[in-house]
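Participant: This is the structure I have questions about; it appears just below.
The values are calculated or read from the model by the stated rules, or taken from the named source; none is laboratory data. Note that the structure is a prediction, hence the values are computed from the model and not measured. Note: ideal-geometry Cβ built from the backbone for every residue, glycine included; neighbour counts use all protein chains shown.
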Amino acid sequence: MTLHQILFFAIAALILASTGLAITRRNLVHAVIYLIFGFFGSAFLFYLFGSPFLAALMVIIYAGAIMILFLFIIMMLRVESPEERLFPARQLWPAALLAAAYVVIGGLLLVNDPSSGIALAAALTEPAAFGTYIFQSSWLAVEIASLLLLVALIGALLVGRRPVKEGED
Amino acid sequence: MGIPFGYVLALAGIVVALGMICATARRNLIMILLGVEVMLNGAAIAFIAAALRWQQLEGQAFVLFIIAIAAAEVSLGLALIVYLYHRTGSLDPEHYNTLKQ
């Protein structure tokens, strides 16, 4: 087992543990903090797979901006945590059966696929080469993404402009 | 490097499944949005692994756009959550059936 394999398994265990803890917490602040650690694990994985620029973006945007926005909203709203309940039993059984079937079939598919045993080769994408590639071959998608961000900004301003009082309309 | 492609795909699949469980089974709008984030994260892991498997940069470009779209989705989703909270005083989706009364 090489160092890269050990690193991959350690990072995968970290991601799964912190994400699993995050989605089961009652306290929303704890959930967000655990999820920040999960995104740090994803950033490690991106770095291991040779894209340091995306690893930096993962830390800066996902863990640094998006999750902090969640924290702001949670602290602003003073959320009560309602009584959690899973599905009622008559909905749980078909859901559990379907999920188990998908897990079994997906696992068999992965095991039997000859290409899934192909070992990934190490590679490194320089941030400069990545930027050149983005702006040469998908500049239109960059423009569309910037337009989408502008639309989201306007929409967030419009929706969060003024709290509507109960019974006003 | 020697990491089989299937292992990374399995990791991405498990992460997406965890996010799906969070988005369907929790009773809190903020947790539902967090579940969507986890699912996007799993998709990004699969794209990065595919970029490395075929040695193409398209996968990494997709991850960049996933991050941009997640930022837009979260800002608008959280604004909607704040609006709903001010309107109904609750984050439980079961309290939003005001048409029933």
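Participant: Determine which member of the set A:Ile60, A:Ile36 is within 12 Å of the chain's Cα centre (by Cα) and in a helix (DSSP H, G or I).
Facilitator: Testing whether each residue is within 12 Å of the chain's Cα centre (by Cα) and in a helix (DSSP H, G or I) leaves just A:Ile36.
Participant: Could I ask something else about it? Here are some conditions: (1) free of Cβ contacts under 8 Å to residues at least 40 places away in the same chain; (2) closer than 28 Å to A:Leu153 by Cβ. B:Gln56 meets all but one. Which one does it not meet?
Facilitator: That leaves (2) as the condition not met.
Participant: Give the residues of the stretch B:45-69 that are facing another protein chain (nearest Cβ under 7 Å) and either farther than 29 Å from A:Ile73 by Cα or of a type in the set (Gly, Ala, Ser) (or both), sorted by residue number.
Facilitator: If the condition is that a residue be facing another protein chain (nearest Cβ under 7 Å) and either farther than 29 Å from A:Ile73 by Cα or of a type in the set (Gly, Ala, Ser) (or both), then B:Ile48, B:Ala49, B:Leu52, B:Arg53, B:Gln55, B:Leu57, B:Gln60, B:Ala61, B:Ala68 are the ones that fit.
Participant: Same structure again: Can you give me the number of residues within the stretch B:81-94 that are part of a helix (DSSP H, G or I), under 17 Å from B:Arg27 (Cβ atoms) and facing chain A (nearest Cβ under 9 Å)?
Facilitator: Taking the stretch B:81-94 as the starting set, the residues that turn out to be part of a helix (DSSP H, G or I) are B:81-88, B:93-94.
Those still in the list that are under 17 Å from B:Arg27 (Cβ atoms) too: B:81, B:84-85, B:88, B:93-94.
Subsequent filtering for residues that are facing chain A (nearest Cβ under 9 Å) retains B:81, B:85, B:88, B:94.
The number of residues fulfilling the criteria is 4.
Participant: Got at least one residue in the stretch A:66-87 being free of Cβ contacts under 8 Å to residues at least 12 places away in the same chain, surrounded by 14 or more Cβ atoms within 10 Å (Cβ to Cβ) and more than 8 Å from chain B (Cβ to nearest Cβ)?
Facilitator: No, the stretch A:66-87 contains no residue that is free of Cβ contacts under 8 Å to residues at least 12 places away in the same chain, surrounded by 14 or more Cβ atoms within 10 Å (Cβ to Cβ) and more than 8 Å from chain B (Cβ to nearest Cβ).
Participant: More than 7 Å from every other protein chain (Cβ to nearest Cβ), assigned to a helix (DSSP H, G or I) and over 25 Å from A:Val151 (Cα atoms): which single residue out of B:Gly42, B:Gly77 fits that description? Reasoning before the result, please.
Facilitator: Working: B:Gly77 fails: over 25 Å from A:Val151 (Cα atoms).
Criteria check complete, one pass: B:Gly42.
Participant: Then there is this: Would you please name the residue that is nearest to A:Ala13 (Cα to Cα), looking only at residues in the stretch B:11-39 that are within 9 Å of chain A (Cβ to nearest Cβ) and touching a Cys at 6+ places or on another chain (Cβ under 8 Å)?
Facilitator: Top of the filtered list is B:Val38.
Participant: Another question, then. So which pairs qualify, if the first residue must be in the stretch B:84-97 and modelled with pLDDT under 80, the second must be among the β-branched types (Val, Ile, Thr) and part of a loop (DSSP other than H, G, I, E, B), the Cβ gap must be under 7 Å, and the two must be at least 6 apart or on different chains?
Facilitator: Correct list of pairs: B:Leu91/A:Val79.
Participant: Scan the stretch A:141-151 and give yes if some residue there is surrounded by 11 or more Cβ atoms within 10 Å (Cβ to Cβ), under 25 Å from the mean Cα position of the chain (by Cα) and modelled with pLDDT under 90, otherwise no.
Facilitator: No, there is no match, as no residue in the stretch A:141-151 is surrounded by 11 or more Cβ atoms within 10 Å (Cβ to Cβ), under 25 Å from the mean Cα position of the chain (by Cα) and modelled with pLDDT under 90.
Participant: Which one of these does A:Thr2 not meet: (1) free of Cβ contacts under 8 Å to residues at least 12 places away in the same chain; (2) of a type in the set (Ser, Thr, Tyr); (3) under 22 Å from B:Val63 (Cβ atoms); (4) at the interface with another protein chain (Cβ under 8 Å from one of its Cβ atoms)?
Facilitator: Only one criterion in (1) free of Cβ contacts under 8 Å to residues at least 12 places away in the same chain; (2) of a type in the set (Ser, Thr, Tyr); (3) under 22 Å from B:Val63 (Cβ atoms); (4) at the interface with another protein chain (Cβ under 8 Å from one of its Cβ atoms) is unmet by A:Thr2, namely (3).
Participant: Within the set of pairs 6+ apart or on separate chains, which have a first residue in the stretch A:22-33 that is touching a residue at least 12 places away in the same chain (Cβ under 8 Å) and facing chain B (nearest Cβ under 7 Å), a second that is outside any helix (DSSP H, G or I) and of a type in the set (A, V, I, L, M, F, W, C), and C-beta atoms under 8 Å apart?
Facilitator: Here the result reads A:Leu28/A:Val79, each pair linking the stretch A:22-33 to a residue that is outside any helix (DSSP H, G or I) and of a type in the set (A, V, I, L, M, F, W, C).
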